[in-house]
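Take a look at the structure below.
The values are calculated or read from the model by the stated rules, or taken from the named source; none is laboratory data. Keep in mind it's a predicted model, so treat the numbers as computed, not measured. With ideal geometry, Cβ positions are generated from the backbone for all residues, glycine too; neighbour counts draw on all protein chains shown. Just so you know, the surface numbers come from the protein's heavy atoms only, side chains and all, with ligands and any DNA or RNA stripped out. Shrake-Rupley method; radii C 1.70, N 1.55, O 1.52, S 1.80 Å.
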Amino acid sequence: MDVFGFRAARRPVLVSLPHVGTALPDGFIGRLVPEAQGLPDTDWHLPRLYDFLEDLGVGVIQARFSRYVVDLNRPSNDTPLYSGATTGLCPTTLFDGAPLYQPGAEPDAAEVAERVTRYWAPYHDAITAEMTRLRDQFGRSVLFDAHSIRSVVPRLFEGRLPDLNIGTNDGRSADPVLGDRLVAVGADAGADGFTHVLNGRFKGGHITRHFGRPAEGWHAVQLEMAQVTYMEEDAPFAFDEARAARIRPHLRRFIETMADWAEERA
């Protein structure tokens, strides 16, 4: 099995879906505790939610393997991205802090290195190649790193998460004009009852921080969504088409806004 799916862009935007994978290597599931075997920390259903991407002509790269194998949105050296509780490159706990593995089944350093080589590096190499191609063709390129998470995870953040969490690494990963336009999209979503924040708890993970290089013509934005906006947050994590139909037009506007901005100097 390929470690990721990929569709090249016709417009200067690449959408990254690093946490949607559910595949596991042979024998892996038996190492997990029962609570982890349903992969509860997956960014569920995002390919279905973003079903309009091909129509817009933007590119897509999406993980096939679970974040429990390796987290593509963490640095390969596992440097922490946030202060306080967070998750690592090859996580050993669930979001709630409970153990992920059966006792003694955690990966050692050699296995972590092998996972980086097999799963992590190809994903990042593909992003590098596509961002370079788009920048060379259009003058600049935009990476949109799309995520979702349960709206309440006490170990990771206080209270209920805003619905739309836009991250530009405190303005360092994308042109501020683009950031302002995306905030305006989030504000417009307020008319439908959705809340938003810029650079709140989620400022952008490794993908946003690494590929956000405005001086080089690469711009990167993360959107962390509260899953309650489009699905049931408890197992079996069912997709809710009625909820999705309300949020989807706003997500489409996020993508259209990025593509239009990136093409302004084309």
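Remarks
- Test for residue 79: is it open to solvent by 10 Å² or more (accessible area, probe 1.4 Å), hydroxyl-bearing (Ser, Thr, Tyr) and part of a loop (DSSP other than H, G, I, E, B): yes
- Residues of the stretch 240-266 classified as in contact (Cβ under 8 Å) with a residue 12 or more places away in the chain and outside any helix (DSSP H, G or I), total: 2
- Unique match (being modelled with pLDDT of 95 or more, aliphatic (A, V, I, L, M) and not in a helix (DSSP H, G or I)) among 178, 143: 143
- Flag for residue 42 being open to solvent by 10 Å² or more (accessible area, probe 1.4 Å) and over 13 Å from residue 120 (Cβ atoms): no
- Set 219, 196, 210: member being within 17 Å of the chain's Cα centre (by Cα), open to solvent by 40 Å² or more (accessible area, probe 1.4 Å) and over 17 Å from residue 18 (Cα atoms): 196
- Of everything in the stretch 120-154 that is under 15 Å from residue 61 (Cα atoms) and more than 18 Å from the chain's Cα centre (by Cα), the residue that is surrounded by the fewest Cβ atoms within 10 Å (Cβ to Cβ) is 129.
- Of all residues in the stretch 54-70, those being under 16 Å from residue 5 (Cα atoms) and open to solvent by 10 Å² or more (accessible area, probe 1.4 Å) number 6.
- Within the stretch 1-17, the set of residues being touching a Leu at 6+ places or on another chain (Cβ under 6 Å) and either surrounded by fewer than 17 Cβ atoms within 10 Å (Cβ to Cβ) or under 23 Å from residue 234 (Cβ atoms) (or both) comprises just one member, 17.
- Restricting the first member to the stretch 177-192 and to residues that are open to solvent by 50 Å² or more (accessible area, probe 1.4 Å), and the second to residues that are part of a helix (DSSP H, G or I), the beta-carbon pairs closer than 8 Å and six or more apart or on different chains are 177/261; 181/257; 181/261; 188/250; 188/253; 192/246; 192/247; 192/250.
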